[in-house]
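K.L.:
Right, I'll just put the structure down here and ask away after.
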Amino acid sequence: MAKFPKEFLELCRSITAKRPKTVIDHILKHGHISTEELKSIYGYDHPPRAARDVRELGIELETFRVDGPTGRKIAAYRFADPTKRKFRRFSGRTGLSKQIKEQLIEKYGCRCFIYLETMREQDLQIDHRIPYEVAGDSDELKADEFMLLCGSANRAKSWSCEHCENWKTIKDKTICLSCYWAYPENYTHVAMRQIRRVDLLWQGSEISQHDKLKADAAKAGLEIPDFVKKILSKAVGL
């Protein structure tokens, strides 16, 4: 640890969320952590998400290749040189999260940006509109660079973004600006695919409506999405 600046180590020690703390502590002790170690030792089936958690907290990681247990090359993560970049206490899930969350709720209400449903504040999570892996962070973080998502919407966005070619290779911010996952109210593609989608959520007293749709769909021999599409097509005369 002596090779790292004191401020950097203080930032590392200040992080308490389990997944990023696990990654950070392992790297501090061993120098790096591989995707295989994240899976086999810590049970994280999606290592890039664990690495992303660390990056979103203001600690840059480098991805490189190491020999895996079968002899093939696998990905591993280590700290980028903290003396060569200006890092700050991002604390995406703690201090900054609280401040930005309050600003977003004040402006847009306490609701998920994807499902557009009002939810409890504790059920909403902060997420970058444009993935950190594509655009990084601006010098002055602004609330509108983020969005509020419920857990299921956040997981769906993460999966879709991480399988998008722009995330993996292109890294063009302008592509994300017209994506559903950044601006669901005004988009031209979904993770670079020509798709249009409507995400619906039934909660509280609305659950009975969902259950009736499910029963009617079963009678028609259809899954709920296909049944809803059929109803909508008839409603608009298609």
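The values are calculated or read from the model by the stated rules, or taken from the named source; none is laboratory data. In this text the structure is predicted, and so the values were computed from the model without any measurement. When we count neighbours, we look across all protein chains shown, and the Cβ atoms used for this are built from the backbone with ideal geometry, even at glycine. Just so you know, the surface numbers come from the protein's heavy atoms only, side chains and all, with ligands and any DNA or RNA stripped out. Shrake-Rupley method; radii C 1.70, N 1.55, O 1.52, S 1.80 Å.
K.L.:
Any idea which residue in segment 173-197 is least open to solvent (accessible area, probe 1.4 Å), counting only those that are over 20 Å from TYR108 (Cβ atoms), out of contact with any Ser or Thr (no Cβ under 6 Å at 6 or more places or on another chain) and among the hydrophobic types (A, V, I, L, M, F, W, C)?
P.N.:
VAL190
K.L.:
Pick from ASP216, ASP226, ASP211, ASP127: which is among the charged types (D, E, K, R), surrounded by 13 or more Cβ atoms within 10 Å (Cβ to Cβ) and more than 30 Å from LEU57 (Cβ to Cβ)?
P.N.:
Working: ASP226 fails: surrounded by 13 or more Cβ atoms within 10 Å (Cβ to Cβ); ASP211 fails: surrounded by 13 or more Cβ atoms within 10 Å (Cβ to Cβ); ASP127 fails: more than 30 Å from LEU57 (Cβ to Cβ).
Matching residue, one of ASP216, ASP226, ASP211, ASP127: ASP216.
K.L.:
Here is a further query. Only residues that are at pLDDT 80 or above and among the aliphatic types (A, V, I, L, M): list them for segment 122-143, please.
P.N.:
Scanning segment 122-143 gives LEU124, ILE126, ILE130, VAL134, ALA135, ALA143.
K.L.:
Which of the following residues is under 28 Å from ALA156 (Cβ atoms), modelled with pLDDT of 90 or more and surrounded by 18 or more Cβ atoms within 10 Å (Cβ to Cβ): GLU56, GLU37?
P.N.:
Answer to the check: GLU37.
K.L.:
Is it the case that some residue within segment 25-32 is charged (D, E, K, R) and under 23 Å from HIS163 (Cβ atoms)?
P.N.:
no
K.L.:
Of all the residues that make up segment 155-168, how many are surrounded by 15 or more Cβ atoms within 10 Å (Cβ to Cβ) and over 12 Å from PRO131 (Cβ atoms)? Explain how you work it out, then say what you get.
P.N.:
Initially, segment 155-168 is screened for residues surrounded by 15 or more Cβ atoms within 10 Å (Cβ to Cβ), giving 156-158, 160-162, 164, 166-167.
From what is left, the residues that are over 12 Å from PRO131 (Cβ atoms) are 156.
Result for segment 155-168: 1.
K.L.:
Out of segment 1-24, which residues are in a loop (DSSP other than H, G, I, E, B) and open to solvent by 30 Å² or more (accessible area, probe 1.4 Å)?
P.N.:
Answer for segment 1-24, where residues must be in a loop (DSSP other than H, G, I, E, B) and open to solvent by 30 Å² or more (accessible area, probe 1.4 Å): MET1, ALA2, LYS3, PHE4, PRO5, THR16, ALA17.
K.L.:
When you check GLN99 against the structure, is it in a strand (DSSP E or B) and modelled with pLDDT under 90, yes or no?
P.N.:
no
K.L.:
Please find, among ALA143, ALA135, the residue that is open to solvent by 20 Å² or more (accessible area, probe 1.4 Å) and touching a residue at least 24 places away in the same chain (Cβ under 8 Å).
P.N.:
Residue meeting the stated conditions: ALA135.
K.L.:
Does segment 158-169 contain at least one residue that is among the aromatic types (Phe, Trp, Tyr), closer than 28 Å to GLN99 by Cα and in a helix (DSSP H, G or I)?
P.N.:
So far as segment 158-169 goes, yes, one or more of its residues are among the aromatic types (Phe, Trp, Tyr), closer than 28 Å to GLN99 by Cα and in a helix (DSSP H, G or I).
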